[in-house]
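For reference, the structure discussed in these notes is given below.
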Amino acid sequence: MSLGQRRNDTLDAPLPGPPPAPLSGPPTSPGVPRQLARQLRLERRQAADPEELAARLEESGHTDDWLREHDLGDVFEVAARLYALKTGGPRPVVAAPIKLPWRRLWRGPMLVLIGLAALSSARGLGVPEAEAAVCAAAAVAWGLLTWGPLTWGPGAGQRWPRLRLGAVLGALAGALTALGLAASLGAASTPHSETVELWRSAGLGALLGGLYGLTLTAAGLLLALGRWRVAALVFGSALLIGEGLRRSAPDGWSAALAVAVLLGLVVTAVGAAGRPGAEPSPTDPDGDRSGAVWTGASRPGDGWASGLALAVLTWRVGAAALLWALLSLGLLEALAWWMQAHLRRLAGQPHAPARLLRAARWPVLGVPAALLVAVAAGSAAAQLGWTSLGWPGSGWTGFEWFGLGGAAPGALGRACGGALLSVALLQSTWLARHPRQRPRLTRLWLLCAGLLAAPLASWWLPLLLLVLTLTLLSDDALSDLTTYR
Amino acid sequence: MTPVLAAAARRWVVQTASRPYLAIYTEALAELSGEDSWFRALVGGLPESRFQIEGLDPAAAGRLGTAQWPSTVSFSVPLPLPAADRRAAGARRERFETALADLVTVLAAPDPVSEASGSTFEAALAALSNLGNGRPLSPLLQSDSAARRVLDAWRGALQPAADALLDAPRPYPSRLSEPGVTEALALCGWLCRALRPLEAQPPAANLAHAVGGGAPGLAALHGWWRNATPFVLSEPQIALREHYLKEDRLKSNRAETANIRIMRLRFERRLAHTVYRRASALIAGSERVRRWQVQLGASPAQITLRSGGLRLSRPDWLSQPVFPEPTGAVVVWCGEVGPGANLETLLRAFDLVRRRRPEARLRLCAQAVGHADDLARCQALIVSLRLGSCVAFEVLPSDHSAADRAEIYRSAQVVVLSGSTEEVPAALLDAMTLGRAVAAVRVGGVPDVLGAAGLLSAPNDLLALARHLLRLLGDAALRRQLAEVGRQRAALFSADAWVQLHRQLYARVLTEETLKNEAVRADAGNPVGEFSPGDFEFGDEP
């Protein structure tokens, strides 16, 4: 018996007749091809080639036998004839409106909350190494937060390695910071006791740096996974409990309770970050897998470089610079996302590259310019309102830094500086989406950090230079088609 | 040792060895290791051959235990290549972009099936094979200049040339619209994945066997271009046809534009055409597969029809006597729950059956569930038809054994197959081997395999299916007769027949190709051949 035999060797069971094609009319009806064409009108419009129509004909029950009964030839002949018919042409694609991812605006306040919770628990410990360890771990976590492999799809299998990396790097950074701190204090009386003191500080710094590195990396993961409520609950509770204990705990118990708060914070944060659960969809603008400041990087270099520049700026002008940067981060991310979404929409239209470049300059150069004007104008308006109303608290250095302290010298410069910092962060956030630009960003932020550390006449001059260079880089990035991906 | 010297040494070792060295290209690594897999039968039946498995999916590498295989089998999975080759040499980049532009021009051409452009496609693919071959193509594809070349070529292909305006109108209306930059980038991104087989260095085997015409076919073509390794292509089902229909069934990639979809499917069609033309022999898994292969450019003389695809009947089941039938009127369905299974037709047909035979029972055994919705829909239908008392639904554990399946089939008087996305469902051969009467629908390669061993009805024809079930349940003599015929037919799909088919095919291909190579060398004035037909006779141990 040949394997090639078919159908005619089936038992003489009553065959069910013609296939269930939804066609009517007698065999050889001239209307059958027309009916087929009408029935497959959508498929004909989008068919890649005649064979696709043949596959669909077969799938709908139009076998060779049936078609031959209607004198139409085999399925491939019918498909070729159907494919050659006139079609309505490709349908125009209606682009979905671009929405600003509003939920990301909360990311800035969340970062501040996380930082405050860590600082509060460190203060409760009552040792100088603790606050230094928080700063070191924050720098480590900042770098990891901006690291592409971490922020792009931190799947269940990748989270624990990242947490371990955060802990190890935090421990190293904590030890080094504690050593630097101990060496600068130099309180020991003898060389021997000084060595012992250094080792003790380094050990304590490593331990605390590891714990805070773990906690802050877990916080970054929670943000990347879009688990906002969990992050707010864990770090908000830690802040409240830590502050409450610091103010009301009995003298002998304060350190022990602070240790308990710290351990509780580590366990809950790491547990929440490592818990399996739904991950944000890559297409959801609010829960975009980026989940953090910058995406797509293979190395966290530019994240740490920008962190260094912010640290130097903080040292130069006060903590309000860092606070401003952190608070505005969510807005800047949302704006960068919007810029890229707009570029993608432009690139989806059949423009030639030269025309696309011209059209793309509006969002990429226009949004930072609008932000510059808005922040500067907002600061100036607030400054006027503050000084004319004489509201309490106007003397706080934070307000002064934003240009709100009218009496302070250089208030306008500070307002401009705040606006420049916002624009630089926005441009950097957008440029960091493009892998080719990241090494340049790292070098630029390092250069900026160096200039900020140098005793120049004004601290906002390096920021101005940075913004101008980033503008040139943005324009250069637009001429690369891969930017529109 | 430099890579060139190493490759030459490897080739010399292979060519001077008298034991045939076979490279198997497959995407379904996990399927090879099954206890009744076709590959296990081949390895057991051809102990004189060495097999090198080239897994094309790096993610699947861990699913194949290597310890359980004889020493004649070795495995290779693609290693990640260094990605940072952005500053490729100018000449290489230029050659790459020219080939890419040719490729895109062919795909975007208004006539997607013209023969003339087929050779351009093949030349472009061969050039890309030359540029890959151990070096990454992805960095070149993901560059700005590649996107620009793709865009220009695509747009150029859509513009009617000046001389074409004077000629006859185009045979086909264009389905493609003017592309945007996003589409050029998306096409480059898709090509990164599609051309990945060209990035590897193909093994210097005597013969290659590609299982499927997509990525395995491309890998085999790569070996043919680089090492002149002839290849056999076996297709249990037409991958291209599956891709056409999958688009419709799943509506999967909604983000993909119509332009990209068309370009992607045209690439796959062109690739299938090229693979069929270059394959030394083709094994069609069914008559339908054979027809498609011929339509897509294969020579009918090259094709060997092996109904059943890669399915083999289990020798242990064949050697056992047929278990007696159960006394109750039990119908069993076993397979994957999904749109292709057409369980709705089966349930509606069984609803008619139980009106005539209230004692009849239907046992549905889901080996896998494609989508939770399909399962829910099926269960809802059972409830709405009030079949709860006579239909039992069970989901088999993922690690169920062949003995479990045998137990299920033996509990039936009749095994029913209401549809399948596979060319030949596994349940068909299993039921035939175990001596159970089969009522099936006429889809794919089912009629080829079933022959006279069962009753066939048209897909979706629930009246015919119900009639066949009633007839089989009511006629014990007919069931016995069908079971006997089924056992006899199942023997045709035994591992021995499978091995014999491949032994003959491999020997023929090796001999023909060797003689062809000899002739080419003689024409080129190089009569000193490195091969002789006797070198590659199967079964000759050194």
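Some notes on this structure:
- Accessible surface buried at the A:B interface totals approximately 4900 Å², computed with a 1.4 Å probe on protein heavy atoms.
- The string of couplings for the range A:260-276 from the Karplus curve (6.51, -1.76, 1.60, θ = phi - 60°) is 4, 4, 4, 5, x, 5, 4, 5, 5, 5, 5, x, 5, 6, x, 5, x Hz, one whole number per residue in order, with x for Gly and Pro.
- Look at the stretch B:449-456: the mean tally of other chain Cβ atoms within 10 Å of its residues' Cβ atoms is 5.
- Per-bin percent of Cα-Cα distances, the range B:316-492 [10 Å]: 10, 42, 39, 9, 0
- Using a probe of 1.4 angstrom and keeping all protein chains present, the accessible surface of the range A:98-140 works out to 41 square angstrom per residue.
- Under a 5 Å amide H cut-off, with hydrogens placed 1.01 Å from N, B:Val73 pairs with B:Phe51 among residues at least 5 apart or on other chains.
- Full-stretch length increase - B:Thr304, B:Gln320 - with 0.36 nm per residue and alpha-carbon distance subtracted: 2.7 nm
- Residues A:Glu194, B:Glu484, sorted by accessible area with the largest first, give B:Glu484, A:Glu194 [1.4 Å probe; ligands and nucleic acids excluded].
- Long-range amide H partners of B:Leu362 with built H, under 5 Å: B:Val331, B:Val391, B:Ala392
- Gyration tensor (Cα) of the range B:349-445, equivalent ellipsoid semi-axes in angstrom: 21, 17, 15
- For the range A:31-84, the fraction of 1.4 Å probe accessible surface lying on carbon and sulfur atoms is 45 percent.
- Phi-based couplings in Hz for the range A:349-356 (Karplus 6.51, -1.76, 1.60; Gly and Pro marked x): 8, x, 8, 6, x, 5, 5, 4
- Residue-by-residue Karplus 3J(HN,Hα) for the range B:37-50, coefficients 6.51, -1.76, 1.60, Hz, glycine and proline x: 6, 5, 6, 4, 5, 5, 5, x, x, 10, x, 7, 9, 9
- Rounded FRET efficiency, nearest 0.05, which uses the C-beta distance separating A:Gln349 from A:Asp71 and R0 of 56 Å: 0.75
- A Cβ-based charge dipole, computed about the Cα centre of the range B:316-492 with Lys and Arg at +1 and Asp and Glu at -1, lands at about 840 debye.
- For the range A:31-84, alpha-carbon Rg relative to the globular expectation (2.2 N^0.38 Å, N residues): 0.97
The values are calculated or read from the model by the stated rules, or taken from the named source; none is laboratory data. Computed from a prediction, not measured in an experiment: that's the story for all the values here. As a convention, Cβ positions derive from the backbone with ideal geometry for all residues, glycine included, and neighbour counts pool all protein chains shown. Protein only, heavy atoms only, side chains kept; ligands, DNA and RNA dropped before computing areas. Shrake-Rupley method; radii C 1.70, N 1.55, O 1.52, S 1.80 Å.
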